[in-house]
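Encoded as structure tokens, the structure appears first; notes follow it.
The values are calculated or read from the model by the stated rules, or taken from the named source; none is laboratory data. Given the structure is predicted, the values throughout are model-derived calculations rather than measurements. In this analysis, Cβ positions are derived from the backbone assuming ideal geometry, glycine residues included, and neighbour counts consider all displayed protein chains. Ligands, DNA and RNA are excluded from the accessible area calculation, which covers all protein heavy atoms including side chains. Shrake-Rupley method; radii C 1.70, N 1.55, O 1.52, S 1.80 Å.
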Amino acid sequence: MKKIPLIVVLSLIAMYLFPLLAAHSAPSSPDRWGVINSGVSDDLTSVVFPTTKIGYAVADGALLSTNNGGATWALKYACRTGAGLNCTATSPLRLTTRFNAIAFSTATDGFAVANDGRIYVTHNSGSEWAELFACQATVGTGCTGSSPDRVTANLRDVDSTASDSFIAVGDSGTIIREANGVISTVPTPAEASSSSLRAIDIVSSSRMTTVGSDGTILTSPNGVSWTPQYACTSNDPTTPCTAQSGDRVKATLQDVSFTTSLGFAVGQGGVVLKAPDASSNPQTAWKVQSSPTTDNLNGVVATETGAYAVGDNGTVLLGSNTGTSWEKVFVCAASDPCQQTSSDLVLMPLSSVARPDLKSAVAVGTNGSIVATGTPLLSPSASPSTSTSTSPSPSPSSSGGGGGGGGQRSALSIEYKKAKKEFRGTLISTDKACTRQRIVYVKRASSPPKRVASTVTDRHGKWRAFLPQVRPGRYFALSPSDDKGHVTCERAKSAKVRVR
């Protein structure tokens with residue numbers, strides 16, 4: 001029998017065994033995160049992906065929608081039933097209510113919740129919304145907006161797994177449930193009756209969890225009866241963790257997310273909790289995980305391949321597929337690689353995160369912030385399809401420099417809005433094709449010039465680049481030449497703008 005050299009044996013072990021071990025114990029290597037231009041400056045509070053391509057995010061009195069996994073987003077106004085698919089900003093039926101959270105069970109069927117106990121349902125992708133009501137005692141059609149026992153608590157979150165069912169949670173321990181078309185309130189355990197419930201996740205028809213203030217964790221097998229669970233910092237399996245435990249976690253928990261086998265809750269002060277196994281006793285305590293941040297965590301999404309958590313100061317955490325190891329990932333507007341010392345580090349609070357597919361994640365936050373990793377960054381057209389920029393269109397003579405030669409001449413403007421922490425401007429050209437989907441770089445006028453941000457113009461030639469930290473100095477915008485096939489677009493350079 002021919003002997004196999006020892007070095008070959010060791011190589012085979014390294015080739016096959018080590019990857020298997022890594023897959024089960026170590027967090028996957030973080031992909032590069034980047035900024036997606038939302039086209040709005042409103043705070044975005046919730047993001048969901050009912051399919052790998054279709055997604056929605058909550059804006060101020062409107063929605064953002066995407067049909068390509070989060071690469072581009074369009075502003076979508078919400079109207080009351082009767083407006084049809086032509087809901088506009090000036091529609092008399094337009095809803096001005098700000099949604100706190102949304103949940104879509106399909107690409108077309110979704111629910112939204114807001115303050116004052118407001119609940120809405122849509123069956124046409126968010127174009128029209130019908131208002132639903134929940135009452136403390138009155139059930140069914142007898143409950144109306146004028147019912148004296150109508151629930152008026154601020155509702156913080158909603159989840160749905162079917163077009164005719166949802167669970168919504170909110171302040172004062174409020175839990176509202178719709179099943180088979182009947183909406184009712186659900187009693188909560190006495191110790192949670194004053195809690196502000198911040199998030200709900202329906203894993204299946206027999207497993208659901210809500211979390212909130214004072215470390216509140218409630219779990220239910222049916223959405224009707226809810227049992228408290230707890231987390232203690234000692235993580236001691238021999239000592240019961242109860243409501244009276246001195247080391248019980250009392251931080252406000254902002255979000256919760258489950259897969260079939262894993263669950264996580266995140267919240268105030270960077271706390272990360274791992275849920276007990278589904279087969280465990282309902283009283284089994286959650287485990288406190290080592291967290292690499294003290295920033296508040298506002299959103300979490302779990303999958304079988306790992307988890308992401310997001311929070312204040314642009315915090316993004318990557319969790320391993322076992323949930324026992326978490327590392328911090330940095331997000332930059334343009335720098336690659338992005339490091340903690342990068343000048344274009346994203347520092348805006350992030351409020352919610354979702355995963356279109358196992359290779360991607362999208363998070364939203366204040367001032368229209370959208371950051372992503374994976375597929376959305378690979379799209380050749382990662383730019384907004386609706387812009388709220390009001391920058392004046394520049395004249396070619398004031399562009400600060402165009403191109404030469406026989407292509408279509410272009411002019412580029414730039415301004416800096418300190419309050420919104422963004423550069424913005426407009427690209428005009430002798431051919432409209434040269435204004436759309438043009439790359440724009442923002443550069444600091446140093447020697448040599450340093451690129452600090454990059455973005456893409458929308459269909460009107462308008463562009464915006466959010467930059468949370470800007471050093472004083474002079475900046476300019478540059479759009480390189482671009483071959484559109486039937487036309488060549490010349491390079492355009494703006495005049496310089498001073499940032500103080």
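Brief remarks follow.
- With respect to (1) more than 17 Å from Ile176 (Cβ to Cβ); (2) within 21 Å of the chain's Cα centre (by Cα); (3) open to solvent by 10 Å² or more (accessible area, probe 1.4 Å), the lone exception for Thr122 is condition (3).
- Residue in the range 69-76 that is touching a helix residue (DSSP H, G or I) at 6+ places or on another chain (Cβ under 6 Å), open to solvent by less than 10 Å² (accessible area, probe 1.4 Å) and at negative phi present: yes
- Yes/no for Met15 being modelled with pLDDT under 90, over 26 Å from the mean Cα position of the chain (by Cα), farther than 30 Å from Asp171 by Cβ and not in a loop (DSSP other than H, G, I, E, B): yes
- Sub-8 Å Cβ pairs linking a first residue in the range 417-436 that is of a type in the set (Asp, Glu) to a second residue that is part of a loop (DSSP other than H, G, I, E, B), at least 6 apart or interchain, are Glu422/Ser41; Glu422/Leu467; Asp431/Val487, ordered by first then second residue.
- Selected residue (only one of Ser454, Ser494 is surrounded by 15 or more Cβ atoms within 10 Å (Cβ to Cβ) and within 20 Å of Met348 (Cβ to Cβ)): Ser454
- When Asn298, Asn313 are checked against the criterion of being among the polar types (S, T, N, Q), modelled with pLDDT under 95 and touching a Leu at 6+ places or on another chain (Cβ under 7 Å), Asn313 stands alone in meeting it.
- Pairs, first acidic (Asp, Glu) in the range 242-255, second open to solvent by 50 Å² or more (accessible area, probe 1.4 Å), C-beta under 6 Å, six or more apart: Asp247/Thr233; Asp247/Ser234
- Residues that are in a loop (DSSP other than H, G, I, E, B) and closer than 23 Å to Ser204 by Cβ, drawn from the range 151-163: Ser163
- Whether a residue is among the aliphatic types (A, V, I, L, M), buried (at least 20 other Cβ atoms within 10 Å of the Cβ) and at pLDDT 95 or above was assessed, and Ile183 does not pass this test.
- Scanning the range 221-228 turns up no residue that is touching a Gly at 6+ places or on another chain (Cβ under 9 Å) and either more than 27 Å from Phe104 (Cα to Cα) or polar (S, T, N, Q) (or both).
- Condition check for Phe166: touching a residue at least 24 places away in the same chain (Cβ under 8 Å), open to solvent by less than 50 Å² (accessible area, probe 1.4 Å), in contact with a Lys or Arg (Cβ under 8 Å, 6 or more places away or on another chain) and in a strand (DSSP E or B): yes
- Within the range 332-363, the set of residues being touching a helix residue (DSSP H, G or I) at 6+ places or on another chain (Cβ under 8 Å), crowded, with 22+ Cβ neighbours inside 10 Å and under 30 Å from Ser105 (Cα atoms) comprises Leu350, Ser351, Pro356, Val362.
- Which listed residue is of a type in the set (A, V, I, L, M, F, W, C) and in contact with a strand residue (DSSP E or B) (Cβ under 6 Å, 6 or more places away or on another chain), from Val182, Val186, Val224: Val186
- The residue of the range 328-374 that is nearest to Asp159 (Cα to Cα), among those that are hydroxyl-bearing (Ser, Thr, Tyr) and within 15 Å of the chain's Cα centre (by Cα), is Ser352.
- If you filter the range 76-93 down to residues that are closer than 27 Å to Ala199 by Cα and not hydrophobic (A, V, I, L, M, F, W, C), you find that the one that is farthest from the chain's Cα centre (by Cα) is Arg80.
Conditions tested, residue by residue: (1) more than 25 Å from the chain's Cα centre (by Cα); (2) farther than 30 Å from Ala89 by Cβ; (3) in contact (Cβ under 8 Å) with a residue 40 or more places away in the chain.
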site: Asp109; (1), (2), (3): no, no, yes
site: Ala114; (1), (2), (3): no, no, yes
site: Glu128; (1), (2), (3): no, no, yes
site: Cys135; (1), (2), (3): yes, yes, yes
site: Glu178; (1), (2), (3): yes, yes, yes
site: Thr185; (1), (2), (3): yes, yes, yes
site: Ile200; (1), (2), (3): no, yes, yes
site: Arg207; (1), (2), (3): no, yes, yes
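- Residues of the range 448-494 classified as more than 18 Å from Thr430 (Cβ to Cβ), modelled with pLDDT of 85 or more and among the hydroxyl-bearing types (Ser, Thr, Tyr), total: 1
- Any hit, the range 58-71, residues being without any contact (Cβ under 8 Å) to a residue 40 or more places away in the chain and closer than 24 Å to Val182 by Cβ: no
- Neighbours by Cβ (under 7 Å, 6+ apart or cross-chain): first from the range 77-96, in contact (Cβ under 8 Å) with a residue 24 or more places away in the chain and open to solvent by 20 Å² or more (accessible area, probe 1.4 Å); second among the aliphatic types (A, V, I, L, M) and not in a loop (DSSP other than H, G, I, E, B): Thr81/Ala130
- Any hit, the range 464-475, residues being in contact with a helix residue (DSSP H, G or I) (Cβ under 8 Å, 6 or more places away or on another chain), crowded, with 16+ Cβ neighbours inside 10 Å and part of a loop (DSSP other than H, G, I, E, B): yes
- Wholly enclosed strands (runs of 3 or more DSSP E) of the range 301-363 bearing at least 3 residues within 26 Å of Asp42 (Cα to Cα): 306-311, 350-354
- Index of the failed condition, Ser172 passing every other in (1) within 25 Å of the chain's Cα centre (by Cα); (2) more than 22 Å from Thr108 (Cβ to Cβ); (3) modelled with pLDDT of 95 or more: (1)
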